[in-house]
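Student: Here you go, one structure.
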């Protein structure tokens, strides 16, 4: 087993991330050891419930837990503020108290919703993350960011609220479609881009999903370790943690423009990473050839590096202006000086003006 401990000294808070094939078979034992309570709510979605819902529920019941299942519609469209009152009502009806536990069983959407519910309900209830997508395992389940989307943009309402534990079983990835496995690989590649050139080279050497799965525990652990390092130094995303947003300023804008339907998060971030780096190269902020190296690895892992319809960028820039990572009226764009070394470049939306020519900044 790989175990990584996230420690936030300023808040005297720490929690473990456990990574092990087959870990889902011990969920009941893990939760039993974590809490004296014997009441839990599982928040999941219909797709994940079909694969793992009954399995997790039966394990908790075997440990004496009274279990409430809240099953949501799958997809980013579910992650809205309007959905929260219904979830709170379900928790009230279940009799969940502040001493009980909420479990997030699913991908990033479920983790964000369940975490926001846990942060808000009764002003804070313990929760456990059981991420079932690669994207959630390497990124969204770690670091305490929870929240929901508004029509104006992604994750504009939320909180920093950390889980008590993160349980990662890489075997659950076997039920992912190739599309959603690739979605997660975008975030994996991001970590190599921003902090670890050797890790990036490792990913470039893996030419199939099967090859990735042979090394999956170590890959997930390296991503979580990088995120742990950054989060411990900047929990509230006002400095170093912004590096984790490489590709996300454009990526989130692309998702919002397409109303979170036709382009999923990882694919949008992939486009954002490659496109932003082409702009940075033009501005002499990134080493020449960096964008091509990123695009090559993205395409190798079945990810896009540009929008097919370049004229769409004209509309996407409207959403860039609403980016939540603006501080002091400045847009903080994450750029790569080179693979493995990211920096924060203070700018404004004019940095992206060259995209108005049809999405070809070079």
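The values are calculated or read from the model by the stated rules, or taken from the named source; none is laboratory data. Source: prediction; values computed, not measured. Positions of Cβ are backbone-derived with ideal geometry, glycine not excepted, and every protein chain shown enters the neighbour counts.
Student: Among (1) within 18 Å of residue 175 (Cβ to Cβ); (2) touching a helix residue (DSSP H, G or I) at 6+ places or on another chain (Cβ under 7 Å), where does residue 70 come up short?
Tutor: Residue 70 satisfies every listed condition except (1).
Student: How many of the residues in region 256-274 are touching a strand residue (DSSP E or B) at 6+ places or on another chain (Cβ under 9 Å) and in a loop (DSSP other than H, G, I, E, B)? Walk me through how you get there before you give the answer.
Tutor: At the first step, the residues of region 256-274 found to be touching a strand residue (DSSP E or B) at 6+ places or on another chain (Cβ under 9 Å) are 256, 260, 265, 273.
If we keep only those that are in a loop (DSSP other than H, G, I, E, B) as well, we get 260.
Going through region 256-274 one residue at a time, the tally reaches 1.
Student: Every residue in region 82-129 that is under 18 Å from residue 45 (Cβ atoms) and assigned to a strand (DSSP E or B), please.
Tutor: Answer for region 82-129, where residues must be under 18 Å from residue 45 (Cβ atoms) and assigned to a strand (DSSP E or B): 102, 103, 104, 105, 106, 127, 128, 129.
Student: Additional query: Please pick out the residue among 211, 253 that is outside any loop (DSSP other than H, G, I, E, B), surrounded by 24 or more Cβ atoms within 10 Å (Cβ to Cβ) and not assigned by TED's automatic domain parsing to the domain that holds residue 149.
Tutor: Numbers: 211 fails: surrounded by 24 or more Cβ atoms within 10 Å (Cβ to Cβ).
That would be 253, the only listed residue that is outside any loop (DSSP other than H, G, I, E, B), surrounded by 24 or more Cβ atoms within 10 Å (Cβ to Cβ) and not assigned by TED's automatic domain parsing to the domain that holds residue 149.
Student: Now for a separate question. Look through 236, 322 and report the one residue that is under 30 Å from residue 9 (Cα atoms), in contact with a strand residue (DSSP E or B) (Cβ under 9 Å, 6 or more places away or on another chain) and not assigned by TED's automatic domain parsing to the domain that holds residue 138.
Tutor: On the way: 322 fails: under 30 Å from residue 9 (Cα atoms).
On inspection, the qualifying residue turns out to be 236.
Student: Follow-up question, since we're still on this one. Identify the single condition in (1) within 22 Å of the chain's Cα centre (by Cα); (2) in a helix (DSSP H, G or I); (3) surrounded by 14 or more Cβ atoms within 10 Å (Cβ to Cβ) that residue 77 does not satisfy, given that it satisfies every other one.
Tutor: For residue 77, the failing item is (3).
Student: Is it the case, given these coordinates, that residue 327 is modelled with pLDDT of 85 or more, within 24 Å of the chain's Cα centre (by Cα) and in the same structural domain as residue 208 (by TED's automatic domain parsing)?
Tutor: Details: modelled with pLDDT of 85 or more: no; within 24 Å of the chain's Cα centre (by Cα): yes; in the same structural domain as residue 208 (by TED's automatic domain parsing): yes.
Against the criterion (modelled with pLDDT of 85 or more, within 24 Å of the chain's Cα centre (by Cα) and in the same structural domain as residue 208 (by TED's automatic domain parsing)), residue 327 does not qualify.
Student: Quick one: in region 226-238, which of the residues that are touching a residue at least 60 places away in the same chain (Cβ under 8 Å) and more than 14 Å from residue 187 (Cβ to Cβ) is surrounded by the most Cβ atoms within 10 Å (Cβ to Cβ)?
Tutor: If we take residues in region 226-238 being touching a residue at least 60 places away in the same chain (Cβ under 8 Å) and more than 14 Å from residue 187 (Cβ to Cβ), then 231 is surrounded by the most Cβ atoms within 10 Å (Cβ to Cβ).
Student: Turning to a different aspect of this structure: Filter region 1-20 for residues that are at pLDDT 95 or above and touching a helix residue (DSSP H, G or I) at 6+ places or on another chain (Cβ under 6 Å) and give the result.
Tutor: Of everything in region 1-20, those that are at pLDDT 95 or above and touching a helix residue (DSSP H, G or I) at 6+ places or on another chain (Cβ under 6 Å) turn out to be 17, 19.
Student: Only one of these is touching a strand residue (DSSP E or B) at 6+ places or on another chain (Cβ under 8 Å) and not assigned by TED's automatic domain parsing to the domain that holds residue 229: 46, 77, 29, 59. Name it. Talk me through it step by step, then tell me what you get.
Tutor: Details: 77 fails: touching a strand residue (DSSP E or B) at 6+ places or on another chain (Cβ under 8 Å); 29 fails: touching a strand residue (DSSP E or B) at 6+ places or on another chain (Cβ under 8 Å); 59 fails: touching a strand residue (DSSP E or B) at 6+ places or on another chain (Cβ under 8 Å).
Only one candidate qualifies: 46.
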